[in-house]
Amino acid sequence: MKSEDSNIQSVTELTGNIKMLLEDNFISIAVKGEISNFKPHSSGHRYFNLKDENAVISCTMWKFRPLTFIPKDGMKVTIIGNITVYAPRGNYQIEVTSMVPSGLGDLYLAYEELKRKLGEAGYFDNDIKKSIPKLPLHIGVSTSPTGAAVEDIKHTIERRFPLATVYFRPTLVQGVGAAEDIAKAIEELSKTPAEVLIIGRGGGSIEDLWAYNTEIVANAIYNCQIPIISAVGHETDFTIADFVSDLRAATPTAAAEIVTANTAEDLIYNLSKIPDNLKSKLELIINNYKKDINNYLTSYAFRSVKDKINTFKQLVDDYQSNIDQSINRTIQNNSKKVKYLNSHFTSLEPLAPLRKGFAILKNKGKIINQDESLSKLKEIEITRLDETATVKIIQVNNKLF
C-alpha cells in the first residue's frame, strides 16, 4: 500500500519546482511601469519595485548591468529581464538585464549623462579609432530588413563594387529589445569574414533612434575588433553610436559609398587578401562549433549553477544589511548605558554633596562622624565646595557658640 507521505513535498522541493517552472517560461520579458523603493546596495547591486495602478513586482539588477541614467522613485521605465525565484524568501522577482526611461525628457537627460560618462572613459578618443579599409571585399551590414536604409546600402554597393560580398544581419532598430539586438548583431558580424561593418537606420525622433544611444550598443562598438561606420538617421542626427564608431557617415548611402571607393589599385590589393579570407572562413567554422558548445552551456542544467551564485550574492547583501542594523542598535544601546553609568558615578563622588550646598566638618584633619559630639571639641574646620573655615567652639550654659 502506497504511503501518503510519498506525495508530500518539502518546502525546498516545492520551491525548486516553482523556480524551474517560472524561470523556463519567462525569459527576456519586457515590462513597463513606475519605479518605487529604489535601493542601490553598497555592493553595487540595485533593488527596486516596478508597479502600476493595480500590481507591484520586485526587481533585481546586478551591478555589471549597465545603466544610461540614474533611476529614481516615480520614474516610468521599460525593462527587459527574466523571472527568477529567490528561494530563501520564497519570492519571485525580475532579474533585470536592461532598463530605459519611458519619457522624452528622461531620454534627453540619459543621453547627456551617457555621453559625458563615455567621453570621460575615453570612448570617443581619436587615437583609438580604427582605419577604414580602402576597398573591402567583405562588408557587414546591420540594419532593419524592411526600411529604406538596407535598399540604399545594397544598391549602392552593387552599383559601385559588385565584387563585394555583403553579410547582412537583419536587426531591430527601435523599440523594446532593439539595443540588445544591435549589440548581438555586431558580435555576430564580427565573427564573419567582414572587413568593415555598417550599422544604422533611417532618420526619426529621439525615441526612434534611442537604441543607438544605449551603453550596451556603445560597448559593442567599442569592443569590436572590426572597423565600424555609423550611419544612423539623417545628417543632422547625432547618436552615441556616431561618437563611438570609427567613422560617422551622414546617411546609410554615404556609408556604402565610403566602403566602395573603386580603384584598380585597391582591387589588386584586395585580391592579395584572398588567402587571409580563406583562413577567416575556417575560423568562422570553428567559431560556429564554439557557439554550439556555448548553447549547451546556457541550458538549464548549467544555468542552475549561476542561479545559486546569484542567490548567494543576494543572501550576502541581506546578511550585510542585517549586520549593519545590528551594529547600529548595539552602538545605540551601549551609548545609553555609558550615559547612565557616567551619571551614576558622578553622583557617587565624595564632593557631590558639596555641590548641593552641604559641608564637611573636620577636627585636626579628621572628619567628624555623626555619633561624635561637638561639645567635646574646642575647634573644628568647616569645608564647603570652594572654601574652608576654622571656628572655635565655646560652651555657655550648655549652649555651643
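The values are calculated or read from the model by the stated rules, or taken from the named source; none is laboratory data. Only a predicted model underlies this, so the values are computations on that prediction, with no experimental measurement involved. Positions of Cβ are generated from backbone atoms using ideal geometry, with glycine treated the same way; all protein chains shown enter the neighbour counts. Accessible surface is based on the protein model in full, side chains and every heavy atom, while ligands, DNA and RNA are left aside. Shrake-Rupley method; radii C 1.70, N 1.55, O 1.52, S 1.80 Å.
Which of the lysines could a cross-linker bridge to Lys32, judged by Cα under 27 Å and excluding same-chain residues fewer than eight apart?
Partners found: Lys19, Lys51, Lys63, Lys72, Lys76, Lys115, Lys117, Lys184, Lys306, Lys313.
Sorted by mean Cβ packing within 10 Å, highest first, what order do the peptides 183-191, 317-325, 29-37, 164-172 take? Before the final figure, lay out each step's value.
Numbers: 183-191: 19.6, 317-325: 12.1, 29-37: 15.1, 164-172: 17.8.
So the order, starting with the most tightly packed, is 183-191, 164-172, 29-37, 317-325.
Which of rounded, prolate, oblate describes the range 134-194, given a ≥ b ≥ c as roots of the alpha-carbon gyration tensor eigenvalues and a/c under 1.5 marking rounded, otherwise prolate only if a/b is larger than b/c?
oblate
Roughly what % antiparallel, to the nearest 5, for the DSSP beta bridges in the range 84-234?
The antiparallel proportion sits near 15 percent.
Calculate for the chain the 222 nm mean residue ellipticity that helices alone would give, adding -39,500 (n - 2.57) per DSSP H run of length 4 or more and normalising by residue count, nearest 500 deg cm²/dmol. Don't skip to the end; give the middle numbers.
Numbers: 11 runs with 162 residues, N = 401.
Result for the chain: -13000 deg cm²/dmol, rounded to the nearest 500.
Considering only DSSP beta bridges whose two residues both sit in the chain, what percent are antiparallel, to the nearest 5?
65 percent
Just check the range 22-85 against the gyration tensor rule for me: Cα atoms, a ≥ b ≥ c as the square roots of the eigenvalues, rounded for a/c under 1.5, and otherwise prolate or oblate depending on whether a/b exceeds b/c. Please report the intermediate quantities before stating the final value.
Details: a/c = 1.64, a/b = 1.13, b/c = 1.46.
Taking the square roots of the gyration eigenvalues as a ≥ b ≥ c, the range 22-85 is oblate.
Work out from phi, with θ = phi - 60° and the Karplus expression 6.51 cos²θ - 1.76 cosθ + 1.60, the ³J(HN,Hα) of each residue of the range 39-56, listed in order in whole Hz, and give x for Gly and Pro.
Coupling constants for the range 39-56: 9, x, 7, 4, 6, x, 6, 10, 10, 7, 10, 10, 9, 9, 5, 10, 8, 8 Hz.
For the chain, modelled as a GNM with alpha-carbon contacts under 10 angstrom, which of Ala55, Ala389, Ala178 fluctuates the most?
Ala389
How do Asp242, Asp371 rank by accessible surface area computed with a 1.4 Å probe, from largest to smallest?
Most to least solvent-accessible, the answer reads Asp371, Asp242.
Roughly how far apart, in whole Å, are the Cα centres of the range 137-159 and the range 220-252?
If we compute the Cα centre of each part, the gap is 15 Å.
Can you tell me which of 208-216, 379-387 comes out highest on packing, and rank the rest after it, using the mean Cβ neighbours within 10 Å?
Going by the mean number of other Cβ atoms within 10 Å, highest first, we get 208-216, 379-387.
Only one of the values (1) 22.3, 78; (2) 39.1, 143; (3) 23.5, 91 was calculated from this structure for Rg and Dmax of the Cα atoms in Å; name its label.
The value computed from this structure is option (2).
Pop out the ³J(HN,Hα) list for the range 247-253 in order, Karplus 6.51 cos²θ - 1.76 cosθ + 1.60 with θ = phi - 60°, rounded to Hz; leave Gly and Pro as x.
7, 9, 9, 5, 9, x, 4
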